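For reference, the structure is listed below as structure tokens.
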Amino acid sequence: VRLEESGGGLVQAGGSLRLSCASYGRTFSINTMGWFRQAPGKEREVVARISRSGINTQYSDSVKGRFTVSRDNARDTLYLQMSNLKPEDTAVYYCAADSRALHEIPGGYMEYWGEGTLVTVSS
């Protein structure tokens with residue numbers, strides 16, 4: 001499975017941005033997908049995860065109410081709609097996927113990872 005993120009860039013605080021993640025290869029094996037981020041000097045953290053059906057989602061407290069994760073399984077694509085962006089959202093955002101169900105995955109471990117896309121929010 002190969003994951004490829006797009007949509008990162010520079011945006012002003014309060015603005016919006018939508019990230020996309022296209023999946024290639026054995027996409028039929030993908031169950032849970034998610035977005036993670038790593039800010040300079042900080043550890044990677046989970047942003048949002050979504051079940052195969054898209055019905056079940058999880059968000060970190062820092063993005064709840066501002067970010068929305070969704071997926072289009074017919075297009076093998078994952079999305080992250082980010083609104084009301086803050087400077088502290090600046091990070092490299094990574095797409096991730098796993099063959100296990102959402103409730104079976106502990107912590108931040110996922111099987112497959114993209115290379116990341118940079119989001120910079122200016123104040």
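Leaving out ligands and nucleic acids, and using a 1.4 Å probe, what accessible area per residue does the range 14-70 come to in Å²?
Working: 3010 Å² over 57 residues.
Value returned for the range 14-70: 53 Å² of accessible area per residue.
Computed from point charges on the beta carbon alone (+1 for Lys and Arg, -1 for Asp and Glu), the dipole magnitude for the chain about its Cα centre is near 200 Debye.
Which order, highest average first, do 61-67, 104-110, 89-95 follow once you tally other Cβ atoms within 10 Å for each residue and take the mean per peptide? Please report the intermediate quantities before stating the final value.
Numbers: 61-67: 13.9, 104-110: 12.1, 89-95: 22.0.
For the peptides 61-67, 104-110, 89-95, the packing ranking is 89-95, 61-67, 104-110.
Determine the relative contact order of the range 1-57: mean sequence separation of Cα pairs under 8 Å and six or more apart, normalised by residue count, in whole percent. Show your work: numbers first, answer last.
Numbers: 66 pairs, mean separation 14.6, N = 57.
Answer for the range 1-57 is 26 percent.
Pairs of Cα atoms under 8 Å, at least six residues apart: use those to get the relative contact order of the chain, whole percent. Spell out each step's value before the answer.
Details: 298 pairs, mean separation 45.1, N = 123.
The value is 37 percent.
For the range 77-92, 3J(HN,Hα) computed residue by residue from phi via the Karplus equation (6.51, -1.76, 1.60; θ = phi - 60°) reads 9, 10, 10, 9, 8, 10, 10, 6, 5, 10, x, 6, 7, 4, 4, 8 Hz, glycine and proline entered as x. The peptide list 49-56, 9-16, put in order of mean Cβ contacts within 10 Å with the highest first, becomes 49-56, 9-16. Per atom type, the chain shows carbon and sulfur on 46% of its accessible surface, probed at 1.4 Å.
The values are calculated or read from the model by the stated rules, or taken from the named source; none is laboratory data. Nothing here was measured: the structure is a model prediction, and the numbers come from that model. All Cβ positions, even for glycine, are placed from backbone atoms using ideal geometry, and neighbour counts span all protein chains on display. Please note that ligands, DNA and RNA were not included when accessible areas were found on the heavy atoms of the full protein model with its side chains. Shrake-Rupley method; radii C 1.70, N 1.55, O 1.52, S 1.80 Å.
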